[in-house]
Amino acid sequence: MPIKRVLVTGGAGFLGSHLCERLTANGHDVICLDNFFTSQKSNVKHLLKLDNFELIRHDVTHPLWLEVDEIYNLACPAAPGHYQYNPIKTMKTSVMGAINMLGMAKRCGAKILQTSTSEVYGDPSVHPQPESYRGNVNTLGPRACYDEGKRAAETLFMDYKRSHNLDVAIVRIFNTFGPRMHPFDGRVVSNFIIQALENRDITIFGDGSQTRSFCYRDDLVEAIIRMMESDHLVGPINIGNPGEFTIRELAEIIVELTGSSSQIVNAGPLPEDDPLQRQPDITLAKRHLDWEPTTELRDGLVRTIEYFRSIDLSNFRAPTPNH
Ligand code: NAD
Ligand code: UDP
């Protein structure tokens, strides 16, 4: 495989740090770019000693001049609490970040991959969600900064392709979990595991009947590398695990696997615009990438629980103010 200069924006985050690991292990020359809004250097500290890894503190809303062959664009807060912290900045990150990275790709002739999201489907009325479904997003609600920012980024990717014949790829990621999630990101898997390990109440929003489909991070990273390496496959392609669970079922499994004495409690109404159901249709990923997830939810949870048991929470801080 030829060695490439690869830029990973958001490369110090949960998924980005694993992607950097995989790409450096494959021998590529990797530049990790991050402003550390929702991550910290410890996620990539072990990579700093490698000759083929470089770390740049930079914000994608500002232009940047690099020479690269491939760009994975992951920079964007992903947890609802993180992206709603400064919603205007979230929208800027998706839209201005996409414009800056697409501009760089155009100048360098690089291939660029966008990590879009199942949130483009909003609270879906089609189930499971195929890529052809155009979604049901509330443009005015508290999740819109993320959903609409990601939708606009998809539009920009397609317009750069049509206008400049840029080599672009779009993946729509469904809920993904695993070691190195931020312990205070408030996402359901990390939140429930930390609560269980501390024998605190497990906080279910709504009646817990809303569903999500959880993909283990190694499966996810494999899929996005395949997408980048595919020949002229534009997508969008759904990447996720079709196994669908209610949030209550997830809570019960986590209590069982941790051996916790936590109680599962109703902690308030469902947040505004919280999707009631979510499950990827991965027909296209199977057909075009020869990919499907191989890690069962329970196996992934065991590894994630091990990780959260192993870290010292006092080394982690909540997201930094980011204007
Ligand atoms: P994460 O929050 O751990 O990683 C995002 C990274 O981007 C962080 O390191 C953060 O500091 C960085 N970042 C944020 N704003 C930035 C900016 N303006 N400039 C530079 N860096 C910035 O989240 P993640 O789960 O690793 O998500 C990575 C990507 O995948 C995101 O684009 C997210 O929208 C997408 N995605 C993730 C999931 C999931 O379930 N994990 C689902 C759908 C889509
Ligand atoms: N959720 C919950 N309790 C929590 C955190 C989340 O019941 O402590 C629910 C949340 O309301 C949503 C689901 O779990 O229905 C997934 O939430 P998450 O924030 O992980 O991501 P989303 O898929 O909504 O972006």
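Where the alpha-carbon atoms of segment 202-246 are placed on the principal axes, they occupy 45, 19, 15 Å, in descending order.
Cα-based radius of gyration for segment 158-211, normalised by 2.2 N^0.38 Å, reads 1.83. In the calculated pair-distance distribution of segment 217-275, the portion above 18 angstrom amounts to 60 percent of the Cα-Cα pairs.
Mind checking the log10 I(q)/I(0) for segment 234-323 at q = 0.10, 0.12, 0.22 Å⁻¹? Debye, one equal scatterer per Cα, no solvent, two decimals. For segment 234-323, the Cα-only Debye profile gives -0.44, -0.64, -1.17.
Normalised per residue, the accessible area of segment 1-53 is 40 Å², obtained with a 1.4 Å probe and no contribution from ligands, DNA or RNA. Looking at the chain, the DSSP beta bridges with both ends there are about 10 percent antiparallel.
Annotated for the chain: lysine pairs at least 8 residues apart or interchain, Cα distance under 16 Å, count 6. The magnitude of the dipole of segment 90-157, with charges of +1 and -1 set on the Cβ of Lys/Arg and Asp/Glu and taken from the Cα centre, is near 360 debye. Share of carbon and sulfur in the accessible area of segment 1-85 stands at 54%, probe radius 1.4 Å. Look at the alpha carbon pairs under 8 Å that are at least 6 residues apart: their mean separation over the length of segment 1-150 gives a relative contact order of 21 percent.
Using only side-chain charges placed at the Cβ, +1 for Lys and Arg and -1 for Asp and Glu, the dipole size of the chain relative to its Cα centre rounds to 740 debye. So if R0 is 30 Å, what FRET efficiency would Ala318 and Asn165 give, r being the distance between their Cβ atoms, rounded to the nearest 0.05? Efficiency computed from Cβ-Cβ geometry: 0.10.
Ordering Ile204, Gly243, Leu19 by Cα displacement along the dipole of the chain toward the positive end leaves Leu19 in first place; charges were set at the Cβ atoms of Lys, Arg (+1) and Asp, Glu (-1). Dividing the Cα radius of gyration of segment 1-115 by 2.2 N^0.38 Å, with N the residue count, gives 1.00. Scanning the chain for long hydrophobic helices, with DSSP H runs required to stretch 15 angstrom or more by C-alpha along their axis and to average at least -0.5 on the Kyte-Doolittle scale, returns 14-25, 87-108, 217-229, 247-258, 297-310. Excluding ligands, DNA and RNA, the accessible surface per residue across segment 76-225 is 35 Å² with a 1.4 Å probe. Seen from every direction in turn and averaged, the convex hull around the alpha carbons of segment 132-172 projects onto 3.4 nm².
Scattering from segment 273-323 was approximated by placing one identical point on each alpha carbon and applying the Debye formula without solvent; log10 I(q)/I(0) at 0.22, 0.29 1/Å stands at -0.92, -1.05.
Packing, taken as the mean count of other beta carbons within 10 Å per residue, orders the peptides 291-297, 304-310 from highest to lowest as 291-297, 304-310. Here is how the number arises for the chain: DSSP H runs of 4 or more residues each give -39500 (n - 2.57), the sum is divided by the residue count, and the result at 222 nm is -11000 deg cm²/dmol. Pairs of Cα atoms in the chain fall into 20 Å distance bins, from 0 up to the last occupied one, in shares of 33, 61, 6 percent. Normalised by the number of residues in the chain, the mean separation of alpha-carbon contacts (under 8 Å, six or more apart) gives a relative contact order of 18 percent.
Per residue, the average separation of C-alpha pairs within less than 8 Å and at least 6 apart gives segment 78-154 a relative contact order of 42 percent.
The values are calculated or read from the model by the stated rules, or taken from the named source; none is laboratory data. Bear in mind that the values here come from a model prediction, so they are computed numbers and not experimental data. Here the Cβ is made from the backbone with ideal geometry for all residues, glycine too, and neighbour counts use every protein chain on show. For accessibility, only protein heavy atoms count, side chains too; no ligands or nucleic acids. Shrake-Rupley method; radii C 1.70, N 1.55, O 1.52, S 1.80 Å.
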